[in-house]
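See structure below.
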Amino acid sequence: MSKKNEYNLEWIKKYSSAEFENEFTYDGINLGAVYSADNTIFKLWSPFADKVIVNLYQSGDINSSDKIESYEMNKSENGVWDYQVNKDLDGVFYTFTTIFGDEKNEFCDPYAKACGVNGKRAMVVNLLDTNPKGWEEDVNPNEKLSYCESIIYELHVRDLSSDDSSGINNKGKFLGLTENGTTVNKEGKIKTGIDHIKDLGVTHIHLLPFYDYGSIDESKEYDSEKYNWGYDPVNYNVPEGSYSTNAFDGKNRIKELKETIASLHKNGISVVMDVVYNHTYDEEFCFNKAVPGYFHRIDENGVFSNGSICGNDTASERSMVSKYIVDSVLYWAREYHIDGFRFDLVGLLDVDTISKIREGLDKIRPNIILYGEGWSLETKLTKENVDLAVQKNVCKLKDFAMFSDDIRDAMKGHVFDEKVKGFISGNTENVDVLKKSIMGMPDWSTSPRDVINYTSCHDNYTLFDKIRLCNEGISFEDAIKQNLVAISIVMLSQGIPLMNAGEEFLRTKTDNEGNFVGDSYISPDYVNSIKWSNLEKEEYKKVYEFYKGIIAFRKAHKLFQLEDFKEIEEKVSFIDYEDDKVVAYKLKDNKEEIIVILNASEENVKITLDEGKYNVFIKEDIAGNDVLCTLEGEVSVAPVSVTVLVKY
Ligand code: CA
């Protein structure tokens, strides 16, 4: 078997040549196994193989030797091998074997749509048989929302339900997201799970990776100690087995995921899928068994590029890798009705691949939202003149937003230096960056549609933990005040707001010794789970009500969802104030005038208003669409708090 550094370096060199691309780029849409009741056609792309075999099995378990039959495949155009079996193969498992000289590799189909336990064998599947009732009528409930009207809630499948207080039956499973009517500890009136998220008012749930990943053993019983975020892809086009109720049954995970998506849609919530095409679980990725070393960026010495810090950057600039990524995204959009995609480390992928995805999705359904981490990372491209999808190239992409580290760090301090404070803690060093971000205009953006505004996500410390780390000895009450200023900045800025699940009631991640955990990717459930019982405490509930209120306020005012810079420049202006710890701005169109005052200072601040009466909607720890009071002349804003007024 090919091991790292043992790939044929002559081939690696050839893959990057124009001749190879011309001869071996296949543009058919039928790679993998195409099922019908009469026959199944298998196709595998493997230009340099001497022989390719398709093996049929009864079981999906790699440890059982229940082979039905093996067939030698036929070499056809552009390096593709094919074979047709004239039988109904629904539910039959299969692998491919490639032979290069005396080297033999058996592996799972890179285009597998279904698989057995732990994703070692693919399964032929009649997908019609996996559709829940009414699937044909299932639609994105927020199809008509513009980009900047979306409000995204980032969630891990397990975190929602794994704590006992969730009151959810299907703990850690996709189906946990389908349970309505759940309450804290199954008693009382405090909503949990999906009812809670609905009540909060977000429009999209963005789920951390739920394709089949490699780090959880699916053959074992659920174990609260064995946890992973899932950024380690094995089968890109198959749902993760550990989130299903039966990982051995190839159809079960597909059915349950579709059922979950349909249920979320019925609850008015769109679904964003976190996708990780920038690296694979390991170098033994099945695509490399078909075309040794093709899938990754490997230099002339056989060394893997490592911009992802995961050891194996994907060579998206190669035609058949690019096609693979595009095919995969379009498949999820079509087959699973996914409403948006969040691309992990998209700065490692090339602009052309992302553009092809955009074009393809636009033909499937309007308003599928796309965004990703456009960080600039060191990677060794296999070709020259390749543009990467980094923040500064956002101008080369249509409707692809990037996470804004500008707003995140300007407001709460640097994420990798826990002691550094941001605006909410009174550090005004980056107040200019903050102001640009409020306008949806970080230096790299060309439109508010390019910008994801957030204060925290699954990475790094939770917002509440970060506030307490950089403000040593801060009281619980004072930390809450900073937290409310932070979410106010996110929700009252131009761009697309995103929040981390549980942030709305002071999510914290602590280990057994009470230390804050900054990187919880393999931490047990007790670190990562959402602790619903906190909602029974008045101070947490109050924070939740504030989040809910400010989301409702954002939604009620189009002035926070402007779609281009020209409009923003016309309608949004800053109000001068002598102290940088106070950022105040006015949003005004021919319908209304809104004043936002963010006070990060320890002082009470007074601001003179223009002539006329103003209704106050947000003040200290209360936010929403109810008028709290009406005033004129002057407004007084409490220390570390936000006030929002609308002209009467
Ligand atoms: Ca898996």
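The values are calculated or read from the model by the stated rules, or taken from the named source; none is laboratory data. Predicted model only: the values in this text are computed from it and were never measured. Neighbour counts are summed over all protein chains in view; Cβ atoms, including those assigned to glycine, are modelled from backbone coordinates with ideal geometry. Heads up: the accessible areas ignore ligands, DNA and RNA and are worked out on the full protein's heavy atoms, side chains in. Shrake-Rupley method; radii C 1.70, N 1.55, O 1.52, S 1.80 Å.
Residues considered: Val124, Val139. Of these, the only one that is closer than 27 Å to Ala333 by Cα and in contact with a helix residue (DSSP H, G or I) (Cβ under 8 Å, 6 or more places away or on another chain) is Val139.
Condition test on Asn180, is it more than 16 Å from the ligand (Cβ to nearest atom) and among the polar types (S, T, N, Q)? Working first, answer last.
Values: more than 16 Å from the ligand (Cβ to nearest atom): yes; among the polar types (S, T, N, Q): yes.
When the stated conditions are applied, Asn180 passes them.
Among the residues of region 226-245, which ones are within 8 Å of the ligand (Cβ to nearest atom) and open to solvent by 10 Å² or more (accessible area, probe 1.4 Å)? Steps first, please.
From region 226-245, those within 8 Å of the ligand (Cβ to nearest atom) are 234-235, 240-242; that's our starting set.
Val234, Ser242, listed by residue number.
Over 23 Å from Phe343 (Cβ atoms) and among the polar types (S, T, N, Q): is that true of Asn180 in this structure? Even if it seems obvious, please write down each step before you answer.
Details: over 23 Å from Phe343 (Cβ atoms): yes; among the polar types (S, T, N, Q): yes.
Criteria met by Asn180.
Given the structure, is Lys289 within 13 Å of the ligand (Cβ to nearest atom) and not in a strand (DSSP E or B)? No: the conditions fail for Lys289. Checked against (1) within 16 Å of the ligand (Cβ to nearest atom); (2) open to solvent by 10 Å² or more (accessible area, probe 1.4 Å); (3) closer than 30 Å to Met320 by Cβ, Lys104 passes all but condition (1). Residues that are crowded, with 21+ Cβ neighbours inside 10 Å and in contact with a Phe, Trp or Tyr (Cβ under 7 Å, 6 or more places away or on another chain) within region 185-203 comprise Thr192, Ile197, Val202, listed in sequence order.
Looking at Asp217, Asp249, Asp223, which is the one that is within 16 Å of the ligand (Cβ to nearest atom), under 26 Å from Glu136 (Cβ atoms), outside any helix (DSSP H, G or I) and open to solvent by 10 Å² or more (accessible area, probe 1.4 Å)? First the steps, then the outcome.
On the way: Asp217 fails: under 26 Å from Glu136 (Cβ atoms); Asp223 fails: under 26 Å from Glu136 (Cβ atoms).
Selected residue: Asp249, the only one of Asp217, Asp249, Asp223 that is within 16 Å of the ligand (Cβ to nearest atom), under 26 Å from Glu136 (Cβ atoms), outside any helix (DSSP H, G or I) and open to solvent by 10 Å² or more (accessible area, probe 1.4 Å).
For region 112-160, filtering for residues that are in a loop (DSSP other than H, G, I, E, B) and free of Cβ contacts under 8 Å to residues at least 40 places away in the same chain leaves 1. Scanning region 535-557 for residues being crowded, with 17+ Cβ neighbours inside 10 Å and outside any helix (DSSP H, G or I) gives a total of 1. When restricted to residues that are farther than 19 Å from Asp232 by Cβ and among the hydroxyl-bearing types (Ser, Thr, Tyr), region 512-535 contains 3.
Test Glu187 against the criterion of being free of Cβ contacts under 8 Å to residues at least 24 places away in the same chain, within 23 Å of Asp525 (Cα to Cα) and within 16 Å of the ligand (Cβ to nearest atom), and give yes or no. Show your work before the answer.
Working: free of Cβ contacts under 8 Å to residues at least 24 places away in the same chain: yes; within 23 Å of Asp525 (Cα to Cα): yes; within 16 Å of the ligand (Cβ to nearest atom): no.
In short, no.
State all residues of region 267-286 that are within 30 Å of Lys133 (Cβ to Cβ) and not in a loop (DSSP other than H, G, I, E, B); if no residue qualifies, say none. Walk me through how you get there before you give the answer.
As a first pass, look at region 267-286 and keep what is within 30 Å of Lys133 (Cβ to Cβ): 267-275.
Those that are within 30 Å of Lys133 (Cβ to Cβ) and not in a loop (DSSP other than H, G, I, E, B): Ser270, Val271, Val272, Met273, Asp274, Val275.
Can you spot a residue in region 255-266 that is part of a loop (DSSP other than H, G, I, E, B) and away from the ligand (no atom under 13 Å from the Cβ)?
Going through region 255-266, the residues part of a loop (DSSP other than H, G, I, E, B) turn out to be none.
Within region 255-266, not a single residue is part of a loop (DSSP other than H, G, I, E, B) and away from the ligand (no atom under 13 Å from the Cβ).
Of the candidates Gly413, Gly426, the single residue that is open to solvent by 10 Å² or more (accessible area, probe 1.4 Å), more than 30 Å from Ile12 (Cβ to Cβ) and small (Gly, Ala, Ser) is Gly426. The C-beta contact set for region 201-223 (first residue more than 26 Å from Asn267 (Cβ to Cβ) and without any contact (Cβ under 8 Å) to a residue 12 or more places away in the chain, second residue more than 10 Å from the ligand (Cβ to nearest atom) and not in a loop (DSSP other than H, G, I, E, B), distance under 6 angstrom, 6+ apart or interchain) is empty.
Within the option set Val202, Val184, being out of contact with any Ser or Thr (no Cβ under 7 Å at 6 or more places or on another chain) and among the β-branched types (Val, Ile, Thr) holds for one residue only, Val202.
Name, by its number, the condition in (1) open to solvent by less than 40 Å² (accessible area, probe 1.4 Å); (2) within 20 Å of Asn453 (Cβ to Cβ) that does not hold for Gly612. (2) is the only condition that Gly612 fails. Can you find a residue in region 51-58 that is within 24 Å of Tyr15 (Cα to Cα), open to solvent by 60 Å² or more (accessible area, probe 1.4 Å) and free of Cβ contacts under 8 Å to residues at least 60 places away in the same chain? Within region 51-58 (the criterion being within 24 Å of Tyr15 (Cα to Cα), open to solvent by 60 Å² or more (accessible area, probe 1.4 Å) and free of Cβ contacts under 8 Å to residues at least 60 places away in the same chain), the answer is yes, since at least one residue qualifies.
So that you can scan it fast, the table gives a plain yes or no per residue for (1) surrounded by 17 or more Cβ atoms within 10 Å (Cβ to Cβ); (2) within 22 Å of Val34 (Cβ to Cβ); (3) among the aliphatic types (A, V, I, L, M):
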residue: Gly60; (1), (2), (3): yes, yes, no
residue: Met73; (1), (2), (3): yes, yes, yes
residue: Lys87; (1), (2), (3): no, yes, no
residue: Phe96; (1), (2), (3): yes, yes, no
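Filtering Leu175, Leu155, Leu208, Leu200 for residues that are out of contact with any Cys (no Cβ under 7 Å at 6 or more places or on another chain), of a type in the set (A, V, I, L, M, F, W, C) and within 16 Å of the ligand (Cβ to nearest atom) leaves a single hit, Leu208. Every condition in (1) open to solvent by 40 Å² or more (accessible area, probe 1.4 Å); (2) over 24 Å from Val326 (Cβ atoms); (3) modelled with pLDDT of 95 or more; (4) among the hydrophobic types (A, V, I, L, M, F, W, C) holds for Met1 except the one numbered (3).
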